[in-house]
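Everything on this sheet refers to the single structure shown next.
The values are calculated or read from the model by the stated rules, or taken from the named source; none is laboratory data. Predicted model, so just to flag it, every value in this text is computed and none were measured. Here the Cβ is made from the backbone with ideal geometry for all residues, glycine too, and neighbour counts use every protein chain on show. Heads up: the accessible areas ignore ligands, DNA and RNA and are worked out on the full protein's heavy atoms, side chains in. Shrake-Rupley method; radii C 1.70, N 1.55, O 1.52, S 1.80 Å.
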Amino acid sequence: MTDTEQYMKPATRLRKLLSEPGVCIQAPGVYDGLCARLAIEQGFKVMYQGGSMTTAARLGRADLAFASLNDFAQNAQMIANIDPRIPLIADADVGFGSPPNIARMVQMYDSCGVAGFHIEDQVSNKRCGHLKGKEVVDIETWKSRIRACVIGRDSIYGGSDIVIIARTDSLAVEGYDAALERPSIMYDTDCTELMVNLVSNGKTPWFPPSKLGEWGVKASLAIYPGAAGKSVLHTIRRAYKYLMETGKDDAEAQGLDPKGFFDVMGLQREIEIDRLAGGMAFANGA
């Protein structure tokens, strides 16, 4: 970001991106600082913090509602502030409790720099949407959750435009018609924006961005929760297997030294800050 670039709140930037007609915004799943740095390096305009990978990375558990609001919010705060120009959308599960708890979640997410979040209509003892055995709440409970989100947003001092995304898991539970009906009941209007949750080998059919952009909605958002996590799992498993069998570090063959790794993590910016401040910590390089 240059000194002359005008500041724009992450939520405002996300809304601006979503206002572009016929565009499919791709948001790769990120769950730690390393993922976020690489997503930014590749030029993605939006990032997505999913519940399944956050739970896996922070707790080492399956996505069965183990993670708390603090687990989600603390992780989101770190990711969202690596580069606030890249809006972060965060999973909010079912809101972490009753309407007052949901309103508090919205306020906490906003203070962490989250640009938008999605809240779903599963029962409180929820599970990953790509697992069997899901249950959804009745429409009135679902409406109550969304109202609590709006109340929480409206209660933020100074105002907030954090984006509220209503997500339904009713397709596998109540069928296709119910999955279309729930959003229309929620908004009392036609759907103008669409979020599609794309997980390889998951329950949702895989659609390319070009196809999503042709669906006639004002804007579409494609989230890829497991884009990094599954690849990392296979890569680390292979590296550890190689280490166990040979006693060698598989990373040596990749040709990336420690400094090269830290460069991806923003080392050069830290060196520049030290220089501008008159420091000498990196006078002889790094």
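A few comments on the model shown:
- None of 44, 72 is part of a helix (DSSP H, G or I) and aromatic (Phe, Trp, Tyr) except 72.
- Search result, residues across the range 219-235 that are open to solvent by less than 40 Å² (accessible area, probe 1.4 Å) and not in a helix (DSSP H, G or I): 219, 220, 221, 222, 223, 224, 225, 226, 228
- Single condition residue 52 does not satisfy, out of (1) open to solvent by less than 20 Å² (accessible area, probe 1.4 Å); (2) under 17 Å from residue 125 (Cβ atoms); (3) in contact with an Asp or Glu (Cβ under 9 Å, 6 or more places away or on another chain): (1)
- Among residues of the range 246-264 that are closer than 17 Å to residue 236 by Cα, those with a beta-carbon under 9 Å from a residue that is surrounded by 11 or more Cβ atoms within 10 Å (Cβ to Cβ) and β-branched (Val, Ile, Thr) at least six positions away or on a different chain give the pairs 250/235; 256/264.
- From 114, 106, residue being in a helix (DSSP H, G or I), open to solvent by less than 50 Å² (accessible area, probe 1.4 Å), under 16 Å from residue 14 (Cβ atoms) and at pLDDT 95 or above: 106
- Restricting the range 236-282 to residues that are assigned to a loop (DSSP other than H, G, I, E, B) and under 20 Å from residue 40 (Cα atoms), the residue that is least open to solvent (accessible area, probe 1.4 Å): 266
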